[in-house]
């Protein structure tokens with residue numbers, strides 16, 4: 001059982017503390033002084049230095065322990081190290097005199113996470129850490145029990161385009177959650193728009209109790225008319241000190257969202273746990289007199305809500321989220337998961353670890369889901385699409401779910417076109433090489449299939465022909481005997497066969513298709529590129545027209561994604577495709593790419609010059625960042641040449657610089673490999689390397705550190721040794737091998 005301490009209101013507006021050992025009356029003046037001390041030394045001045053925290057924690061401990069030593073006794077006897085602070089009566093205080101009401105509400109304002117018994121913070125105890133939990137709402141309704149399946153997480157990031165809102169590294173937060181749970185995978189459903197209206201639509205699309213956790217990441221604020229009044233419509237009245245979350249409207253502008261707005265979005269269908277990953281979301285505002293957003297959400301129907309009591313470092317929020325979901329995904333209780341998050345923040349030396357607040361109602365919620373190897377546990381069916389996006393050398397050319405950065409607005413627009421309710425049948429993504437068209441397409445596949453797990457996926461790269469298309473579709477649905485037969489039915493036009501195909505996979509088998517035509521520029525003859533007409537081949541035009549017509553005529557749920565360097569809408573067959581032109585990446589997204597580099601490395605690599613030279617092209621930027629660190633590269637000379645050159649020639653200069661950095665024997669080795677137009681086995685590469693450099697290979701390692709193969713790989717002229725074959729890609733500067741974005 002947890003340690004239960006109940007704060008109650010007695011007669012004549014007095015306060016009482018109740019526990020299993022008895023009852024004692026609390027001194028209102030002493031309580032008010034303690035709240036004022038915390039306001040001055042913890043909230044207003046935001047002191048995170050250890051002496052201040054320790055001093056404050058000792059005062060809180062001594063006050064709660066009292067002369068009777070209740071806390072000491074309870075900690076010695078308890079078999080579960082959770083302190084349940086029952087604040088239900090005091091949080092509902094109304095009609096009291098102002099001073100009494102301020103003290104009553106301020107009890108939730110006290111930083112109980114700092115409780116210190118003189119030998120250290122209770123939350124750091126070596127045997128069992130002690131977690132304070134604020135109970136603020138009485139409820140008797142039942143909640144669903146442990147579910148024998150993976151954890152289901154609804155993730156929503158808000159990042160409006162407004163100079164007043166700092167850029168948000170939400171991609172890194174999502175990626176770290178996925179990385180932390182890779183051994184106990186969770187089902188991650190992402191609401192990409194950042195809009196509460198779209199969140200409401202998504203919640204309505206799933207059954208009640210579908211989601212276990214709602215994770216909202218962004219910026220929380222305490223509203224004042226002076227600072228944020230211009231953001232509120234004139235028809236809306238918002239009182240000062242109202243906790244709000246900064247979200248987006250339908251076009252990415254800033255919007256303030258209140259507890260009431262979030263409650264309307266969920267309409268009583270709350271996940272069992274809500275994490276508000278934003279500043280001030282756990283803070284009792286206006287010197288402890290206005291309930292926090294987390295507390296108010298519990299009052300509005302949420303079961304357990306986590307928030308932050310003050311501004312928190314991005315790194316701290318990410319560390320906490322990683323540990324929390326890693327624990328929840330393995331079947332830990334909610335309290336155990338929060339303890340794990342607290343301990344991880346302490347271990348990682350996050351000085352603001354104590355800011356995480358846990359509010360809840362009285363309904364018992366233990367585990368959310370079972371562990372991975374539980375008998376008859378539901379399995380995840382999602383497979384990442386990255387391995388299907390290959391260049392001409394069979395190299396994966398897109399960013400993984402862990403590496404993706406930016407492209408928020410294009411992603412939002414394209415996802416709207418891919419929705420079931422959209423009048424459009426898909427998207428056509430255009431842009432120069434290196435801007436990330438294929439990566440965006442892969443990201444769209446991930447997002448669609450996360451939300452609609454019944455979707456099948458087929459990716460065709462390069463030249464489009466009827467036999468290749470039909471074979472690919474037949475192979476994907478070969479377990480259904482009728483589907484290949486429909487696709488290859490004689491005397492029926494291609495459009496007719498595709499219509500029958502979409503009817504079968506959607507209406508009979510409930511497996512609609514997400515069809516991706518990648519590198520579609522390979523269907524445009526070089527002559528038509530040079531003369532600017534951009535007309536595709538007759539065969540490609542006919543096939544694309546048949547696909548579009550079949551999707552439109554069937555009002556199909558299936559969707560089409562096309563990536564192409566060139567876009568002339570006049571050359572496309574009749575269609576209902578959303579046309580998305582990719583531009584250079586924004587500066588904030590470029591900063592995210594560079595973020596993993598520490599500050600010293602950034603300065604050493606002359607990052608600002610590199611960013612200017614890359615000019616928003618993520619592929620070129622990543623190549624530069626890797627190459628400029630290699631020994632033997634004259635960095636200043638290379639950057640000077642690149643700065644004076646048009647972008648279309650920059651990659652050629654970079655490639656030439658890399659080649660010049662090779663020794664004569666290494667150049668000869670590379671020249672020998674260049675005769676191969678197809679992938680070759682590693683044994684052949686070894687033989688060539690041994691011929692030019694007899695000591696290149698030894699019995700303990702595949703590649704000696706001084707071998708030509710190792711040297712060319714280090715300079716970006718080879719592919720990683722993690723694959724069983726070696727590919728030469730000196731000439732892939734013309735391929736759309738996007739790394740990020």
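Please go through the range 3-32 and pick out each residue that is part of a helix (DSSP H, G or I) and surrounded by 14 or more Cβ atoms within 10 Å (Cβ to Cβ). Show your work before the answer.
If we filter the range 3-32 for residues that are part of a helix (DSSP H, G or I), which is where we start, we get 11-13, 28-32.
13, 28, 31, 32 - these are the residues of the range 3-32 that are part of a helix (DSSP H, G or I) and surrounded by 14 or more Cβ atoms within 10 Å (Cβ to Cβ).
State whether one or more residues within the range 74-89 are within 26 Å of residue 348 (Cβ to Cβ), in contact with a strand residue (DSSP E or B) (Cβ under 9 Å, 6 or more places away or on another chain), in a loop (DSSP other than H, G, I, E, B) and at pLDDT 85 or above.
no
In this structure, is residue 107 within 18 Å of residue 30 (Cα to Cα) and not assigned by TED's automatic domain parsing to the domain that holds residue 356? Working first, answer last.
Working: within 18 Å of residue 30 (Cα to Cα): yes; not assigned by TED's automatic domain parsing to the domain that holds residue 356: yes.
So residue 107 passes the test.
For residue 401, only one of the following conditions fails: (1) modelled with pLDDT of 90 or more; (2) part of a loop (DSSP other than H, G, I, E, B). What is its number?
So the condition that residue 401 fails would be (1).
Tell me the residue from 106, 120, 145 that is surrounded by fewer than 17 Cβ atoms within 10 Å (Cβ to Cβ) and more than 31 Å from the chain's Cα centre (by Cα), please.
120
Return a yes/no flag: does the range 472-480 have any residue that is assigned to a helix (DSSP H, G or I) and touching a helix residue (DSSP H, G or I) at 6+ places or on another chain (Cβ under 8 Å). Steps first, please.
Our first condition is that a residue be assigned to a helix (DSSP H, G or I); within the range 472-480, this holds for 472-476.
Pick out the ones that are also touching a helix residue (DSSP H, G or I) at 6+ places or on another chain (Cβ under 8 Å) and you get 473-474.
Yes - at least one qualifying residue is present in the range 472-480.
Go through the range 270-284 residue by residue and tally those that are surrounded by fewer than 22 Cβ atoms within 10 Å (Cβ to Cβ) and not in a loop (DSSP other than H, G, I, E, B).
Within the range 270-284, residues that are surrounded by fewer than 22 Cβ atoms within 10 Å (Cβ to Cβ) and not in a loop (DSSP other than H, G, I, E, B) number 0.
Since residue 440 meets every condition but one in (1) surrounded by fewer than 18 Cβ atoms within 10 Å (Cβ to Cβ); (2) touching a helix residue (DSSP H, G or I) at 6+ places or on another chain (Cβ under 7 Å), which condition does it not meet?
If we test residue 440 against (1) surrounded by fewer than 18 Cβ atoms within 10 Å (Cβ to Cβ); (2) touching a helix residue (DSSP H, G or I) at 6+ places or on another chain (Cβ under 7 Å), just (1) comes out false.
Can you name the residue in the range 575-591 that is modelled with pLDDT of 90 or more and outside any strand (DSSP E or B) and, of all such residues, is farthest from the chain's Cα centre (by Cα)? Outline the logic, then answer.
Taking the range 575-591 and keeping what is modelled with pLDDT of 90 or more, we get 575-580.
Subset that is outside any strand (DSSP E or B): 575-576.
On the way: 575: 33, 576: 30 Å.
Among residues in the range 575-591 that are modelled with pLDDT of 90 or more and outside any strand (DSSP E or B), the one farthest from the chain's Cα centre (by Cα) is 575.
Please enumerate the residues belonging to the range 335-353 that are more than 19 Å from residue 217 (Cα to Cα) and touching a residue at least 60 places away in the same chain (Cβ under 8 Å). Explain how you work it out, then say what you get.
Within the range 335-353, the first condition is being more than 19 Å from residue 217 (Cα to Cα), and the residues that meet it are 335-336, 339-340, 343-344, 346-349, 351.
Within the range 335-353, 335, 339, 343, 346, 351 qualify.
Residue 516 fails exactly one of the following numbered conditions: (1) within 16 Å of residue 546 (Cα to Cα); (2) part of a helix (DSSP H, G or I). What is the number of that condition?
(2)
On the given criteria, is residue 246 more than 19 Å from residue 134 (Cα to Cα), free of Cβ contacts under 8 Å to residues at least 60 places away in the same chain and outside any loop (DSSP other than H, G, I, E, B)? Even if it seems obvious, please write down each step before you answer.
Working: more than 19 Å from residue 134 (Cα to Cα): yes; free of Cβ contacts under 8 Å to residues at least 60 places away in the same chain: no; outside any loop (DSSP other than H, G, I, E, B): yes.
Considered against the rule, which asks whether it is more than 19 Å from residue 134 (Cα to Cα), free of Cβ contacts under 8 Å to residues at least 60 places away in the same chain and outside any loop (DSSP other than H, G, I, E, B), residue 246 comes out as no.
Condition check ((1) under 17 Å from the mean Cα position of the chain (by Cα); (2) surrounded by fewer than 21 Cβ atoms within 10 Å (Cβ to Cβ); (3) not assigned by TED's automatic domain parsing to the domain that holds residue 271) across all residues:
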{"position": "180", "(1), (2), (3)": "yes, no, no"}
{"position": "191", "(1), (2), (3)": "yes, no, no"}
{"position": "194", "(1), (2), (3)": "yes, no, no"}
{"position": "215", "(1), (2), (3)": "yes, no, no"}
{"position": "220", "(1), (2), (3)": "no, no, no"}
{"position": "224", "(1), (2), (3)": "no, yes, no"}
{"position": "229", "(1), (2), (3)": "no, yes, no"}
{"position": "233", "(1), (2), (3)": "no, yes, no"}
{"position": "245", "(1), (2), (3)": "no, no, no"}
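Here are some residues: 534, 494, 487. Which one is within 26 Å of residue 448 (Cα to Cα) and assigned by TED's automatic domain parsing to the domain that holds residue 568?
Working: 534 fails: within 26 Å of residue 448 (Cα to Cα); 494 fails: within 26 Å of residue 448 (Cα to Cα).
Checking each option against the conditions leaves just 487.
Do you know which residues across the range 148-163 are in contact with a strand residue (DSSP E or B) (Cβ under 7 Å, 6 or more places away or on another chain) and exposed (fewer than 15 other Cβ atoms within 10 Å of the Cβ)?
162
Counting only residues that are in a helix (DSSP H, G or I) and in contact with a strand residue (DSSP E or B) (Cβ under 6 Å, 6 or more places away or on another chain), which one in the range 286-316 is surrounded by the most Cβ atoms within 10 Å (Cβ to Cβ)?
Step one: filter the range 286-316 for residues in a helix (DSSP H, G or I), giving 286-288, 293-299, 314-316.
Checking which are in contact with a strand residue (DSSP E or B) (Cβ under 6 Å, 6 or more places away or on another chain) leaves us with 293-295, 297-299.
Working: 293: 30, 294: 32, 295: 29, 297: 28, 298: 25, 299: 17.
Looking at residues that are in a helix (DSSP H, G or I) and in contact with a strand residue (DSSP E or B) (Cβ under 6 Å, 6 or more places away or on another chain), I get 294.
Return the residue satisfying two criteria in turn: it lies in the range 259-269 and is in a loop (DSSP other than H, G, I, E, B) and in contact with a helix residue (DSSP H, G or I) (Cβ under 8 Å, 6 or more places away or on another chain), and of such residues it is nearest to residue 363 (Cα to Cα).
First, pick out the residues of the range 259-269 that are in a loop (DSSP other than H, G, I, E, B): 267-269.
When the remaining residues are screened for being in contact with a helix residue (DSSP H, G or I) (Cβ under 8 Å, 6 or more places away or on another chain), the result is 267, 269.
Working: 267: 19, 269: 15 Å.
The qualifying residue nearest to residue 363 (Cα to Cα) is 269.
Could you list, in sequence order, all residues of the range 90-109 that are touching a residue at least 40 places away in the same chain (Cβ under 8 Å), under 15 Å from residue 6 (Cβ atoms) and either part of a loop (DSSP other than H, G, I, E, B) or out of contact with any helix residue (DSSP H, G or I) (no Cβ under 6 Å at 6 or more places or on another chain) (or both)?
Keep residues of the range 90-109 that are touching a residue at least 40 places away in the same chain (Cβ under 8 Å), which gives 90-91, 93, 96-97, 99-109.
Next, from what is left, pick out any that are under 15 Å from residue 6 (Cβ atoms): 90-91, 93, 104, 107-108.
The answer is 91, 93, 107, 108.
Residue 194 passes all but one of (1) within 26 Å of residue 411 (Cα to Cα); (2) touching a strand residue (DSSP E or B) at 6+ places or on another chain (Cβ under 6 Å); (3) modelled with pLDDT of 90 or more; which number fails?
(3)
The values are calculated or read from the model by the stated rules, or taken from the named source; none is laboratory data. Just so it is clear, the structure is predicted and the values come from calculations on it, not from any experiment. Counting neighbours? That spans all protein chains shown, and the Cβs are built from the backbone with ideal geometry, glycine included.
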